[in-house]
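Reviewing the structure listed below.
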Amino acid sequence: MSARNVIALVLILASLACLYPGLFFDMLTIKVSKELPILGQFDLYEATQSILQTIETLFEDDNHLVAWLILIFSVVVPVTKVLLLLVVLLTSHHSLNRGLLNFVSAIGKWSMADVFVVSIFMAFLASKSNDAISATLHSGYYYFTAYCLLSILGTQLIKRPEPHIA
């Protein structure tokens, strides 16, 4: 295995280690409150959820399409991508590896994980412009962001197998 692929392997394993807490740990708290003259601060709504809790809530609220989209593009695709990259890095079957890398490249274009991270961050920033709404990022957000960055970097470093010319 080349040094470049060893570094890619370490990055892919680190991304996998970040994916689990990124999915299960709390990601964002959104709190809506109103300042009332005599009562002071009155909380109208507060929710803290992880990605998987958000998916569960969407299913419970009959938002099946959105729940399925988040499940597929933020859970299934990232897990599949990481597992396939591990197969590529740990096997020496060149034609299989080329095919898997092409497949990973294709599904990577449909992966919404990085878009999801950016949208959560944008929601966080947007809440800062309104006194009635506050948002707090939690460790799940940072783990998921780390997964995205490490996975992208690891994928870019993988040395593609050279085609055999007969």
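No value in this document is a laboratory result; all are computed from the given coordinates. Note that the coordinates shown come from a computational prediction; the quantities given were computed from them, not determined experimentally. Positions of Cβ are backbone-derived with ideal geometry, glycine not excepted, and every protein chain shown enters the neighbour counts.
Applying 1/(1 + (r/R0)^6) with r as the Cβ-Cβ distance of Glu60 and Arg4 and R0 = 41 angstrom yields a FRET efficiency of 0.35. Karplus-derived 3J(HN,Hα) values for segment 67-74, using 6.51 cos²θ - 1.76 cosθ + 1.60 with θ = phi - 60°, are 4, 5, 4, 5, 4, 5, 8, 10 Hz; glycine and proline are entered as x.
Dipole orientation for segment 3-157: of the candidates Gly140, Ile7, Tyr45, Ile7 has the Cα lying most toward the positive pole (charges on Cβ; Lys, Arg +1; Asp, Glu -1). Basic side chains Lys and Arg get +1 at the Cβ, acidic Asp and Glu get -1 at the Cβ, and with that the dipole of segment 3-157 about its Cα centre reaches some 860 debye. Could you run the Debye sum over the Cα atoms of segment 3-157, one equal point scatterer each and no solvent, and tell me log10 of I(q)/I(0) at q = 0.09 Å⁻¹, two decimals? Values, matching the q order: -0.37.
Students often check this: by mean Cβ neighbours within 10 Å, which of 145-152, 45-52, 5-12, 87-94 ranks highest, and how do the rest follow?
Numbers: 145-152: 20.5, 45-52: 15.8, 5-12: 18.1, 87-94: 14.2.
Descending packing order for the listed peptides: 145-152, 5-12, 45-52, 87-94.
Computed from phi, the 3J(HN,Hα) profile of segment 145-159 under the Karplus parametrisation 6.51, -1.76, 1.60 (θ = phi - 60°) reads 4, 4, 4, 4, 5, 5, 5, 4, 5, x, 4, 5, 7, 4, 7 Hz, with x in place of Gly and Pro. For Asp26, the residues 5 or more places off, or on other chains, whose built amide H falls under 5 Å of its own are Gly140. If the chain linking Leu44 and Asn102 were pulled fully straight, counting 0.36 nm for each residue of separation and taking away their Cα-Cα distance, it would gain 16.0 nm.
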